[in-house]
Each structure stands twice: as structure tokens, then as C-alpha cells.
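The values are calculated or read from the model by the stated rules, or taken from the named source; none is laboratory data. What you are looking at is a predicted structure, and each value in this text was computed from that prediction instead of being measured. Counting neighbours? That spans all protein chains shown, and the Cβs are built from the backbone with ideal geometry, glycine included. For the accessible areas, the whole protein counts, side chains as well, though only heavy atoms, and no ligand, DNA or RNA atoms are used. Shrake-Rupley method; radii C 1.70, N 1.55, O 1.52, S 1.80 Å.
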Amino acid sequence: MSNDFTIDTNDDGQLAVVGELTRKSIIGKQQKVFADIVGQDSQDIDLSKLNKVDTAGLAWLLALFEFAAQKQIKINYSQPPLELVKLATLSRVNELLALD
């Protein structure tokens with residue numbers, strides 16, 4: 001099993017983060033993925049296909065959210081796994097990312 005993640009696009013144009021969003025998997029991928037969302041006024045990102053998330057993955061999602069805000073792009077995270085919701089709640093950022 002790969003310790004990696006990909007960004008897929010479904011038929012509706014919604015992005016989905018698939019795989020493991022961890023310290024190991026995010027190294028070197030921030031700029032490429034962030035650049036992929038530029039050009040959109042808003043972007044829905046489905047998180048339901050994440051099978052592992054750690055605090056570095058949560059920080060990566062926060063950084064993506066901040067990057068998008070600087071570019072005046074609205075990010076909406078949907079269907080977060082319970083593991084991510086728990087991490088966000090413990091870190092007190094669940095409301096910022098609207099992860100409920």
C-alpha cells in the first residue's frame with residue numbers, strides 16, 4: 001500500500017484528495033497541488049477518500065485554505081473522515097475549516 005496521496009477530479013469537477021495525507025506524503029507537493037486550484041473562484045474538495053491523516057496533513061489543509069484565501073479563492077472541504085475531524089477539533093481549527 002502506498003503512503004501517498006493524489007488529487008483526483010470527479011465528473012462534476014470537484015477535487016478529491018485520495019490516499020494518505022501525512023508528513024511523508026506531503027513533502028514536495030505543496031506548490032504543485034496549490035497551483036492546480038488557481039484559476040477557480042471557488043473549489044469544493046472532497047476528503048472522503050482519505051484513509052490516513054496526521055497533524056502535518058491537517059497543517060497542509062490549513063495552508064491550502066490560507067493560500068486560496070490570499071488568491072481570493074473560496075475553498076470548501078466536504079466529507080472529512082472522523083480522524084481528521086478529531087484532529088481539527090483537538091487543534092481548535094475545525095470551525096475555521098468548517099469540518100463538522
- line: With the 1.4 Å probe rolled over protein heavy atoms, the chain has an accessible area per residue in Å² of 61
Partners for residue 49 among lysines (Cα-Cα distance below 22 Å; same-chain residues under 8 apart left out): 24, 29, 32, 74, 86
- request: Sort all Cα-Cα distances of region 12-100 into consecutive 10 angstrom bins from zero, then give the percent of pairs in each bin up to the one containing the longest distance.
  value: 17, 56, 27, 0
field: Restricting region 37-100 to trypsin sites (Lys or Arg not before Pro) in coil, as DSSP defines it, with at most 16 other Cβ within 10 Å
entry: 49, 71, 92
task: Among the aspartates and glutamates, select those whose C-alpha is under 17 Å from the C-alpha of residue 52, and discard any that sit fewer than 8 residues away in the same chain.
output: 4, 8, 20, 83
query: How much length is gained on full extension from residue 36 to residue 55, taking 0.36 nm per residue of separation minus their Cα-Cα distance?
result: 4.6 nm
- prompt: Leaving out ligands, DNA and RNA, what percent of the accessible area of region 61-100 is carbon and sulfur, probe 1.4 Å?
  reply: 52
